[in-house]
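The structure appears below as structure tokens.
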């Protein structure tokens with residue numbers, strides 16, 4: 001067996017033998033850290049494998065043949081002195097699966113007609129002719145035939161199994177069409193003068209999780225991510241500019257909800273598209289802004305969106321958006337409302353946005 005040198009990489013699903021259990025413990029610890037600390041930095045690049053470093057472990061070292069001439073092998077197992085650091089990759093989908101299981105996040109419900117079909121071929125039928133022999137079914141068929149003919153009869157020390165042409169069974173591919181769903185996600189951010197520093201860092205982390213979670217559920221190629229910002233005006237920006245736009249004075253949030261509603265209806269087919277929208281801001285609204293947001297939600301967004309999330313990030317004493325919206329949507333399944341005070345609230349907010357709705 002090849003020794004693992006420092007910084008060698010192994011694939012987690014190829015790790016075997018004595019340190020499988022240790023690696024599983026490391027993964028559980030990583031998930032626990034994400035949950036307890038709200039630390040989503042372990043995700044790395046989006047949709048990429050996650051590199052996990054394991055300290056204080058001696059990988060097993062096998063030897064073939066001992067000093068007494070007897071074959072065999074043994075090795076050091078698990079943590080111990082003189083251990084090395086090894087690195088292995090955890091597939092992105094596996095990380096999301098582990099995290100969703102721990103948080104009890106249900107898979108997103110895909111709505112619409114799914115008019116686009118995803119075609120695959122599965123071996124669901126079997127026949128007497130083909131190119132891919134099914135050895136298991138062929139053997140069972142031949143065994144039954146030989147028992148019937150008396151060729152195979154252990155009681156009489158007859159163990160011959162003759163495979164005739166009529167016993168051959170082949171796997172036959174069957175065309176399978178499954179509906180393929182697509183989704184579009186609208187991220188809305190407040191860039192008014194009061195939004196800076198820690199607020200933007202928290203927004204970036206939660207947006208990163210949403211990006212990963214939707215891609216995990218739909219497939220990265222089936223999700224379009226669009227980004228909108230507002231102060232006293234609303235604009236669509238590139239993803240890389242979502243957290244880089246210069247702050248400006250004044251704020252009016254309803255205009256960004258209105259813009260997203262118009263883009264959704266004018267550029268997408270509601271019959272074939274799953275809509276998601278998430279708003280992040282300090283919640284400091286003035287005049288009748290909250291009432292206008294409720295009107296837009298009721299009239300334009302609620303009827304067609306799968307999920308709408310509104311999050312106050314590090315709200316102040318004068319933040320009032322969530323309190324206003326809760327008067328109408330406190331127990332709503334589509335519109336989810338939460339306050340994100342610090343990094344340790346990150347998991348709570350994720351569960352609010354995507355977990356099963358708990359009704360009072």
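The values are calculated or read from the model by the stated rules, or taken from the named source; none is laboratory data. Here the structure is a predicted model, which means the values were calculated and not measured. Quick reminder, even Gly has a Cβ in these numbers, built from the backbone with ideal geometry, and neighbours come from all protein chains shown.
Of all positions in the stretch 275-287, at least one carries a residue that is under 31 Å from the mean Cα position of the chain (by Cα), in a loop (DSSP other than H, G, I, E, B) and either modelled with pLDDT under 95 or assigned by TED's automatic domain parsing to the domain that holds residue 204 (or both). Inspect all residues belonging to the stretch 205-225 and state whether any of them is modelled with pLDDT of 85 or more, in contact with a helix residue (DSSP H, G or I) (Cβ under 6 Å, 6 or more places away or on another chain), assigned to a strand (DSSP E or B) and crowded, with 21+ Cβ neighbours inside 10 Å. Scanning the stretch 205-225 turns up no residue that is modelled with pLDDT of 85 or more, in contact with a helix residue (DSSP H, G or I) (Cβ under 6 Å, 6 or more places away or on another chain), assigned to a strand (DSSP E or B) and crowded, with 21+ Cβ neighbours inside 10 Å. Inside the stretch 91-109, residues that are at pLDDT 85 or above, outside any helix (DSSP H, G or I) and farther than 12 Å from residue 213 by Cβ make up a count of 1.
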